[in-house]
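These notes concern the structure reproduced below.
The values are calculated or read from the model by the stated rules, or taken from the named source; none is laboratory data. On a predicted model such as this, the values are computed, not experimentally measured, just so you know. Please note: Cβ atoms are built from the backbone with ideal geometry, for glycine as well, and neighbour counts cover all protein chains shown.
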Amino acid sequence: MDANKVLMKEVSSNSSGIVSLTTIDLNDLELPALQTSLYIAGLIILCAICSGIIIYLIFAKKLSYLVKNSEVVEAMSKGILSQKTNSYSLDEIGLISVSLKSFIESLQKLSKRVRTHQKIWQSLR
């Protein structure tokens with residue numbers, strides 16, 4: 001058999017079980033078949049790139065909230081309680097932001113009460 005030919009076997013669907021053999025000459029394949037394969041490969045690569053960009057944008061948005069929360073906690077460790085967090089989602093990161101905001105508000109109220117008591121104490125001396 002020639003190296004450029006492929007032998008294909010086809011079994012008939014009727015009950016007689018007729019088998020037919022066909023050879024296809026690879027030189028007879030036309031250019032459109034190759035072009036179609038290249039278009040499909042290109043489309044797959046393009047979809048993979050677009051999916052990657054979309055996933056990157058989603059993660060970058062979510063991670064920006066974590067970076068902001070980290071900056072707020074760092075400022076809190078330095079005694080700065082004026083920074084706020086904001087997250088508009090109700091996923092885990094959003095819930096952390098809400099809890100952190102509540103914690104900052106509680107610390108601000110506590111700090112205000114301590115200053116008030118400190119002023120009262122100083123005025124009594």
## Note on the structure
Taking region 54-93 and keeping residues surrounded by 11 or more Cβ atoms within 10 Å (Cβ to Cβ), under 24 Å from Lys109 (Cβ atoms) and of a type in the set (Lys, Arg) leaves Lys68, Lys84
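Output the residue which, of all residues in region 114-125 that are assigned to a helix (DSSP H, G or I) and loosely packed, with under 10 Cβ neighbours inside 10 Å, is modelled with the lowest pLDDT. First the steps, then the outcome.
Initially, region 114-125 is screened for residues assigned to a helix (DSSP H, G or I), giving 114-124.
Checking which are loosely packed, with under 10 Cβ neighbours inside 10 Å leaves us with 120-124.
On the way: Ile120: 87, Trp121: 88, Gln122: 87, Ser123: 85, Leu124: 82.
Of everything passing the filter in region 114-125, Leu124 is modelled with the lowest pLDDT.
Can you name every residue in region 70-95 that is part of a helix (DSSP H, G or I) and out of contact with any helix residue (DSSP H, G or I) (no Cβ under 6 Å at 6 or more places or on another chain)?
Let us first name the residues in region 70-95 that are part of a helix (DSSP H, G or I), namely 70-77, 92-95.
Within region 70-95, Ser70, Glu71, Val72, Val73, Glu74, Ala75, Met76, Ser77, Glu92, Gly94, Leu95 meet the criteria.
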### Message
Could you check region 96-120 and list, in sequence order, the residues that are out of contact with any helix residue (DSSP H, G or I) (no Cβ under 7 Å at 6 or more places or on another chain) and among the hydroxyl-bearing types (Ser, Thr, Tyr)?
### Response
Ser99, Ser102, Ser106, Ser111, Thr116
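Quick one: how many residues across region 89-125 are under 36 Å from the mean Cα position of the chain (by Cα) and either farther than 18 Å from Glu71 by Cβ or not aromatic (Phe, Trp, Tyr) (or both)? Break it down into steps so the answer makes sense when it comes.
At the first step, the residues of region 89-125 found to be under 36 Å from the mean Cα position of the chain (by Cα) are 89-108.
Retained after the next criterion (residues that are either farther than 18 Å from Glu71 by Cβ or not aromatic (Phe, Trp, Tyr) (or both)): 89-102, 104-108.
Within region 89-125, residues that are under 36 Å from the mean Cα position of the chain (by Cα) and either farther than 18 Å from Glu71 by Cβ or not aromatic (Phe, Trp, Tyr) (or both) number 19.
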#### Entry: Contacts under 8 angstrom Cβ, first residue in region 90-105 being basic (Lys, Arg), partner surrounded by 14 or more Cβ atoms within 10 Å (Cβ to Cβ) and not in a helix (DSSP H, G or I), 6 or more apart
Lys101/Thr85
